[in-house]
1. Going through region 2-32 one residue at a time, which ones are in a loop (DSSP other than H, G, I, E, B), in contact with a helix residue (DSSP H, G or I) (Cβ under 7 Å, 6 or more places away or on another chain) and either without any contact (Cβ under 8 Å) to a residue 24 or more places away in the chain or over 12 Å from residue 47 (Cα atoms) (or both)?
2. How many residues does region 33-45 hold that are touching a helix residue (DSSP H, G or I) at 6+ places or on another chain (Cβ under 8 Å) and loosely packed, with under 15 Cβ neighbours inside 10 Å?
3. Do we find that residue 79 is surrounded by 10 or more Cβ atoms within 10 Å (Cβ to Cβ), modelled with pLDDT of 80 or more and in a loop (DSSP other than H, G, I, E, B) in this structure?
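The values are calculated or read from the model by the stated rules, or taken from the named source; none is laboratory data. Worth saying up front: this structure is predicted, and the values here are computed from it rather than measured. Backbone-built Cβ (ideal geometry, glycine too); neighbour counts: all protein chains shown.
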């Protein structure tokens, strides 16, 4: 691409995200782009304006290491006397 224009893989490398992430942002309109044949062209100035900035949602996220593990129930203990199995309907 010429100096002012970037392809989706070039834009992904600059933003530090995947090609798919850039393509989704192009399709949603958050990154302005236009088609050149079968490829997309993104203006370098538009990419600077669309670069990700941490917002309040990023600060509010809970770190993964502080998540509590799921509570598990202990397995039921079998009866001590085999005759109790018959009374429960087990064979």
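1. 18, 31, 32
2. Residues in region 33-45 being touching a helix residue (DSSP H, G or I) at 6+ places or on another chain (Cβ under 8 Å) and loosely packed, with under 15 Cβ neighbours inside 10 Å: 1 in total.
3. The answer is no for residue 79.
Rundown of residues vs (1) in contact with a strand residue (DSSP E or B) (Cβ under 6 Å, 6 or more places away or on another chain); (2) modelled with pLDDT of 70 or more, yes/no style:
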{"position": "23", "(1), (2)": "no, yes"}
{"position": "33", "(1), (2)": "yes, yes"}
{"position": "40", "(1), (2)": "no, yes"}
{"position": "62", "(1), (2)": "no, no"}
{"position": "72", "(1), (2)": "no, yes"}
{"position": "83", "(1), (2)": "no, no"}
{"position": "87", "(1), (2)": "no, no"}
